[in-house]
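Notes follow once the structure below has been shown.
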Amino acid sequence: MSTVTTPSSETFQIHPSDTPAPVAEREAALAAPQFGVVFTDHMARVSWTHADGWTDRRVEKYGPLQLDPATAVLHYAQEIFEGLKAYRHPDGSVWSFRPEANAARFARSARRLALPELPEADFLGAITALVGIDSAWVPTGDETSLYLRPFMYASERFLGVRASREAEFLVIASPVGPYFPGGVKPVSIWVSREYHRAGAGGTGAAKCGGNYAASLLPQQEAAAQGFEQVCFLDDRTGTQLEELGGMNIVVVNADGSVVTPAVSGTILEGVTRSSILTLLAQAGHEVSERPVLLDELRAGLADGSVTEVFACGTAAVMTPIGRLASDDFDLVVGDGTAGPVTTRIRAQLTDIQYGRASDPHGWMHRLV
């Protein structure tokens, strides 16, 4: 056993796996990474109890979790997660993108789900320690990275309906390529009129599994009609765009102005979203965060005043939307291809993330 000093005031104890993947197996996974299919040799972990707080910071062998049938998370869905990436730079170093923003959102999600708030230092310490021991798993190919999945769940063995007095925080990692199998190309979006992702006063602003579970049925139904993603409308009026099942949505107008639904408690505050809005504003685009009516978007697509629409999030970064449809309309966005604003801003952002361009905002955080 060795000890790695991390950004946390504590240290993470390193327990190396006794069965790491053979080099040939790892290299094969890195040569053609798929999203969230293969995982690295280790996972970071910190335990919490109401009595003792956060303790036992360690990195250990990746493996199954042992849960009692009465574990609280299995019955009341008290859990949260995050998603961020580790990028290999040309000099071989490994960096993450704005992890402190993920740590802050993780704490906000914990608060909403009545889970303990993990200190930022422990969040950063966990990903640093894990990537440190599994750095060989960070791929080098174009559009590839090591996807990091921090998560926390209620681990108390108890069936009463109250906040758990025990919790586990873990980070696992998976080498990945593009989120969509076809790479960076326009996707088709079905606008759901029957289902909603979240409601006012609910957990829409938290990154918790229940929000994603609610999107799976409409996603299945959209896929059955040949669409790749679903866009949800607000639950009160059914007239305003909110977000996709796992991504924010942004509209680009012919005059160069940009509009995106305002974060209002039902929409996840995306780290990628906020970064893109910063880059757009610095490039001279007028950026508005406000309610976006579906009818407004339809009219803009029909008369050409809307030229681009894209989705954004950690997994896919920026994905152009080429087609938008529902039960009473079917519209092509622009000419159906990735527009110039989407293409330019995506390249600017990924160049920063992969170390191909300078980082004037200080967004990158070195891990290895």
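The values are calculated or read from the model by the stated rules, or taken from the named source; none is laboratory data. Note that the coordinates shown come from a computational prediction; the quantities given were computed from them, not determined experimentally. Positions of Cβ are generated from backbone atoms using ideal geometry, with glycine treated the same way; all protein chains shown enter the neighbour counts. We work out accessible area using only protein heavy atoms, side chains counted, and drop any ligands, DNA or RNA first. Shrake-Rupley method; radii C 1.70, N 1.55, O 1.52, S 1.80 Å.
Just a few scattered comments:
- Dipole of segment 193-283, positive direction: furthest Cα of Phe227, Val252, Thr266, with charges on the beta-carbon: Thr266
- By DSSP, the beta bridges lying fully in the chain are antiparallel in about 85 percent of cases.
- Convex hull (Cα only) mean projected area of segment 74-133, reported in nm² to one decimal: 4.9
- Within the listed set Ala107, Ala28, Ala325, the Gaussian network model of the chain (springs between alpha-carbon atoms below 10 Å) gives the highest mean-square fluctuation for Ala28.
- The chain, accessible surface, carbon-and-sulfur percent (1.4 angstrom probe): 52
- Annotation: extensible slack from Asp142 through Arg108 equals 8.9 nm (criterion: 0.36 nm per residue apart, minus Cα-Cα distance).
- Considering segment 309-364, its Cα convex hull presents a mean projected area of 4.8 nm².
- Choice from Leu279, Leu65, Leu146 with maximal GNM fluctuation in the chain (Cα, 10 Å cutoff): Leu65
- Proportion of all alpha-carbon pairs of segment 189-317 beyond 24 Å (%): 25
- Net charge dipole size for segment 257-368 [Lys, Arg +1 and Asp, Glu -1 on Cβ; Debye, nearest 20]: 580
- Computed Rg/Rh of segment 1-110, alpha carbon atoms with Kirkwood Rh: 0.97
- A compact globular protein would have a Cα radius of gyration near 2.2 N^0.38 Å; the ratio found for segment 130-258 is 1.34.
- Helix axis angle, 99-112 relative to the chain longest principal axis, alpha carbon, degrees: 90
- Estimated FRET transfer efficiency (Ala32, Arg162; beta-carbon r; R0 30 Å; 0.05): 0.05
- Cα-Cα P(r), segment 247-312, percent of pairs per 5 Å interval: 4, 17, 29, 26, 16, 7, 0
- Per residue, the accessible area of segment 271-329 comes to 36 Å², computed with a 1.4 Å probe over protein heavy atoms only.
- Mean-position separation - Cα centroids, segment 114-156 and segment 171-208, in angstrom: 20
- Using θ = phi - 60° in the Karplus curve 6.51 cos²θ - 1.76 cosθ + 1.60, the 3J(HN,Hα) couplings for segment 68-82 round to 5, x, 9, 4, 4, 4, 5, 10, 10, 6, 7, 7, 9, 7, 9 Hz; x is entered for Gly and Pro.
- For the chain, the longest principal axis of the alpha carbon atoms and the long axis of helix 120-133 meet at an angle near 80°.
- Here the chain is treated with +1 on each Lys and Arg Cβ and -1 on each Asp and Glu Cβ, and its dipole about the Cα centre works out to around 480 debye.
- Relative frequency of Cα-Cα separations exceeding 40 Å in the chain, percent: 15
- Taking all Cα-Cα distances within segment 37-179, those exceeding 26 Å account for 25%.
- Dipole moment magnitude, nearest 20 debye, segment 201-308 about Cα centre, only Lys, Arg, Asp, Glu C-beta charged: 280
- Table column - 3J(HN,Hα) (Hz), segment 27-42, Karplus curve with 6.51, -1.76, 1.60, x for Gly and Pro: 5, 5, 5, 6, 6, 9, x, 10, 6, x, 10, 10, 10, 6, 6, 9
- Candidates Gly210, Gly246, Gly304, ranked by Gaussian network fluctuation over the chain, Cα under 10 Å, top entry: Gly304
- Acute angle (nearest 10 degrees) that the helix 340-353 long axis makes with the longest principal axis of the chain, alpha-carbon atoms: 10
- Relative contact order of segment 173-282, taken over Cα pairs closer than 8 Å and 6 or more residues apart, is 27 percent.
- Highest average first, the peptides 49-56, 169-176 ordered by how many other beta carbon atoms sit within 10 Å of their residues are 169-176, 49-56.
- Its relative contact order, with pairs defined as Cα atoms under 8 Å and 6+ residues apart, puts segment 31-182 at 38 percent.
- Cubic angstrom per residue, convex hull over Cα atoms of segment 278-348: 112
- FRET E, pair Leu74, Ala121, Förster distance 25 Å, beta-carbon r, rounded to 0.05: 0.25
- Alpha carbon Rg of segment 274-316, scaled by the compact-globule rule 2.2 N^0.38 Å: 1.33
- Relative contact order, whole percent, for the chain stands at 18, derived from Cα pairs under 8 Å and 6 or more residues apart.
- Which of Val59, Leu148, Ile127, positive extreme of dipole for the chain (C-beta unit charges): Val59
- Calculated FRET value between Phe81 and Ser257, using beta carbons and R₀ = 35 Å, to 0.05: 0.55
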